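The values are calculated or read from the model by the stated rules, or taken from the named source; none is laboratory data. Because the structure is a prediction, the values reported are computed rather than measured. Here Cβ is always computed from backbone atoms with ideal geometry, including for glycine, and neighbour counts include all displayed protein chains. The accessibility values were calculated without ligands, DNA or RNA, using every heavy atom of the protein model including side chains. Shrake-Rupley method; radii C 1.70, N 1.55, O 1.52, S 1.80 Å.
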Amino acid sequence: MKRLALATLAVLLFSSALVPQDRSGGADEIRIKQLERAWNQAEAKQEVKEVSSLLADTLVYTDYDGSFMNKSEYMKWVVAPQQRADHLYDEGLSVQLYGDAAVATGIYRETGTNKGKPYVIRSRFTDTWIKRNDAWLCVASQSTLIPSK
C-alpha cells in the first residue's frame, strides 16, 4: 500500500511540473511579454545587438515561408537591406510558464518594404524561452502566415 501511495505521489509531483503555472501577472510572464515587444521593436529597427541579446546561441527559427535558420542566419536576415519593416507589433500575446521554460504565442502584424515594394504580413507565432542564470533567452521561434482575406 505504501508503494502505491508513493507511486501516486510521484506521478502527481511529476505531472504538475508539466502543467502551466498559474501565475498570471507574475514577474516572469511580464518579463517574457516585455522581451517579445523589445524583440519586435529591435527587429523593426534592425538593431543587431539588441535582437541578438534576446536569442540563445542555439536558436532555431522557422519563418512563415518555411525557411529554417540558425541564430547566425537569422541575424543576417534581420539586417538584410532589401527588407525593411516600418511597423512590427503584436495583436495579442499570451505566455505559459513551465518552471524555467516559457511558451509565448500570439499574432503579429508587420508592414514595410521588400525589394522596394510595400508589404503587410500577419502571422501567428510560437516562441520558446528558457531561463538561464536569471536571464530569459529565446531558443526556438516559429511563425505561420495568416492569409489575407
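Things to note:
- Set of aspartates and glutamates with alpha-carbon distance to LYS45 below 16 Å, sequence-local pairs under 8 removed: GLU36, ASP86, ASP90, GLU110
- The slack in the chain from GLN46 to GLU91, taken as 0.36 nm per residue of separation less the alpha-carbon distance, amounts to 14.1 nm.
- Counting only heavy atoms of the protein chains and using a 1.4 Å probe, VAL78 has close to 10 Å² of accessible surface.
- In Å², nearest 10: area of LYS45 left accessible to a 1.4 Å probe: 120
- Point-to-point label distance, ASP100-SER53, nm (Cα→Cβ direction, 7 Å offset): 2.2
- The figure for ARG84 is an accessible area of roughly 100 square angstrom, using a 1.4 Å probe on the protein chains alone.
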